[in-house]
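One structure is given below, encoded as structure tokens.
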Amino acid sequence: MRFPPPRATVRAACLAAVCSLLSLPCGSPCPAAPHAEVVELSPSLAVYRGPINTGILRAGDAALLIDCGDGSVAGVLPELGIKKVERLLFTHHHRDQACGANRFIQSGAAATVPAAERDWFANVATFWNDPKSRWNIYNFHPHRLMLTESIPVAATVEPGDRFAWRRASISVIATPGHTDGSVSYLVEVGGSKTMFCGDAIYDAGQLWELYSLQKGFQRGKRRIGDYHGFLGAKDELLEGLGRIKQSAPEVLVPAHGNIMDEPQAAIDALADRLNACYDRYVAVSALRHYFPELFEEFQGRPGHMPIRPGRPAPDCLLHLGTSWVILSRDQAAFVIDCGHERRIDDLKKLIREGRVKSVDGLWITHYHDDHTAAIPAFQESFDCPCYADRHVAEVIADPTAWRIPCISPSVARVDKVPAHGQSWQWREFTMTPYHLPGQTLYHGGLLVEGGGRRMFFAGDSFTPAGIDDYCAQNRNWLGRGAGFQACLDLIQRINPTDVFNCHVDVAFDFTADQYRAMQENLREREELFGRLFPWDHANYGMDESWVRAFPYEQSAGPGEHVSVQVFVTNHSAGAAKAAARLVVPRSWRRGGEPATPWAEGELPAKQETPLEVRVQIPGDAQPGRYPLAIDVRYGDRSLPEFSEAILVVQ
């Protein structure tokens, strides 16, 4: 970066100073925090380089802040001669941008937010108390990085607005993508033009993360929802970045990332990388099977895998909705998935017609509601065991403990959890289960051998067009031995004659060339997506749940102690240090600490490791749902309120 030398740099270099910035007592145990600094762009404008880049527009002893982050910027304001913060501007509603706002508002600052996102600042309880934000999640807007507590909003801005603060002129630019209502602020003061652009970009050719771009889109007459919209917000993000280019700023300041003094080149590099990544995604995407009209412009591109033709399923199978039914010679049935009660009616009809004499078992491929929601009713109707891979069983037997897409609150009874590769015999068929972390991390495959066929039930992980990774929130990991790389290695090793998807009513397979094409595509993606993010592995930017709470939701009474495990996935090649703590509601503090003590740990490479944090509910806590944010330190990064857990006080 060829950024001109700052006029002055103020550093908060000692641990005591950092702890004070984070509202910790100096004696509170915590891992070493990264240094913060202030970079002065001009006599009137500076940037606090903390967990979030905060713009500091000053006039005399007063300041306007752009994206205050965790509020730690307050610790350096006195060194700049600033005695009061008059106004806060926010680019978007994510809580890492605004979780420290109340400390300034209580001292008289007025918060200004994008009009389209006003409710996500001022009325966040409508999100946390809405069952649609918790169950059967197919839409991801607004994002779950909602503030845990509302902040008062004094004013809103619309794209195209222009207003003054002291001698500065501020223009509002529409830059949706990272969130639907994201805006950027062009600050003109002292003859210079500086753009504060939120999370629209991180650095030249880079983004902070990709999963916020999961969004439905329309091409032609066909529209799909968020769940199928991998990188669906890419085009509107690039359009917003184009508006930034048209504004011709001299300096670009992102919320996360590096200050850029060549904005146009930085944006062009990001556009090139995003388009290259999307091309590699489409090249082997299963979505081409379901919605071919959405991808007509990609047909015939080099490196795009041809769609494999299907063929009729063997006579021993019936396809019912999102279920497959295996029929034995003596008319017994073994069912793959049950997402709707109509499947139960279908089976009862087959029994009445004499085509089926008994239902002997149920295998669950993965936890998604269209495969699991009717399991309790199925178990009431048919006296047979339910089988699932361990990773699937953990979710469907205790769904309240998880927050992942398409999850149903229905609790399933899992009777048998066979180990990976451990076969059992059912009638004339040999059944062999496998962990299959493809479409989701919590997914299993079942190989059924009989009648000269080796039939592999792959859940939703494959279609004749390729791999089913069109939802970033499903935790589709990249890397050798992970995600679809592991799935393809497994399928090639077991060599099925037929592959079955629960949404596809035909059998299919892949050629050796197609297996190689998919493997090579995934290896290329690991490198391409890796360049897109400021991490040492692509999965940090693609795996929304690399920091997650377990249980995600639990209930307790006033006065009780509650334990939460914060699972942190180390996607790196070497060990890493991490720490986590819970941020408690303001109504619980009573003059005490805003957060629980830090839990620290060393994380082995390529593993998910829990850090246990505990909190006591005050004896006078009111009943209700309380989202508790989770602060994270990971290596040299400070990640304020990066995840959350839900505590229901009874």
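For this structure, a couple of remarks:
- In region 283-315, the residues that are touching a Pro at 6+ places or on another chain (Cβ under 7 Å) and under 21 Å from LEU231 (Cα atoms): HIS289
- Any chance GLU593 is over 21 Å from the mean Cα position of the chain (by Cα), among the charged types (D, E, K, R) and either outside the structural domain of ALA255 (by TED's automatic domain parsing) or part of a strand (DSSP E or B) (or both): yes
- Hey, ALA580 crowded, with 16+ Cβ neighbours inside 10 Å, of a type in the set (A, V, I, L, M, F, W, C) and either closer than 17 Å to TYR552 by Cβ or touching a Ser or Thr at 6+ places or on another chain (Cβ under 7 Å) (or both) or not: yes
- Residues (modelled with pLDDT of 95 or more and on the phi > 0 side of the Ramachandran plot) located in region 203-243: GLY205, LEU231
- Some residue of region 350-358 being buried (at least 19 other Cβ atoms within 10 Å of the Cβ), under 38 Å from the mean Cα position of the chain (by Cα) and either under 29 Å from THR497 (Cα atoms) or among the hydroxyl-bearing types (Ser, Thr, Tyr) (or both): no
- Test for PHE456: is it more than 28 Å from the chain's Cα centre (by Cα), within 23 Å of LEU522 (Cβ to Cβ), free of Cβ contacts under 8 Å to residues at least 60 places away in the same chain and buried (at least 19 other Cβ atoms within 10 Å of the Cβ): yes
- Of all the listed residues (PHE140, PHE127, PHE121), the sole one being surrounded by 16 or more Cβ atoms within 10 Å (Cβ to Cβ) and either touching a strand residue (DSSP E or B) at 6+ places or on another chain (Cβ under 7 Å) or assigned by TED's automatic domain parsing to the domain that holds ARG586 (or both) is PHE121.
- Contacts under 8 angstrom Cβ, first residue in region 111-136 being under 17 Å from THR175 (Cβ atoms), partner of a type outside the set (A, V, I, L, M) and in a helix (DSSP H, G or I), 6 or more apart: VAL113/PHE121; TRP120/PHE127
- Listed by position, the helices (runs of 4 or more DSSP H) inside region 272-379 whose residues that are touching a Lys or Arg at 6+ places or on another chain (Cβ under 6 Å) and in the same structural domain as PHE429 (by TED's automatic domain parsing) number at least 2 form an empty set.
- GLN246 surrounded by fewer than 19 Cβ atoms within 10 Å (Cβ to Cβ), modelled with pLDDT under 95, out of contact with any Phe, Trp or Tyr (no Cβ under 8 Å at 6 or more places or on another chain) and over 30 Å from LYS357 (Cβ atoms): no
- Exactly one residue out of ARG329, ARG352, ARG390, ARG343 is among the basic types (Lys, Arg) and farther than 28 Å from GLU449 by Cβ: that is ARG352.
The values are calculated or read from the model by the stated rules, or taken from the named source; none is laboratory data. If you're wondering where the values come from, they're calculated on a predicted model, not measured in any experiment. Here Cβ is always computed from backbone atoms with ideal geometry, including for glycine, and neighbour counts include all displayed protein chains.
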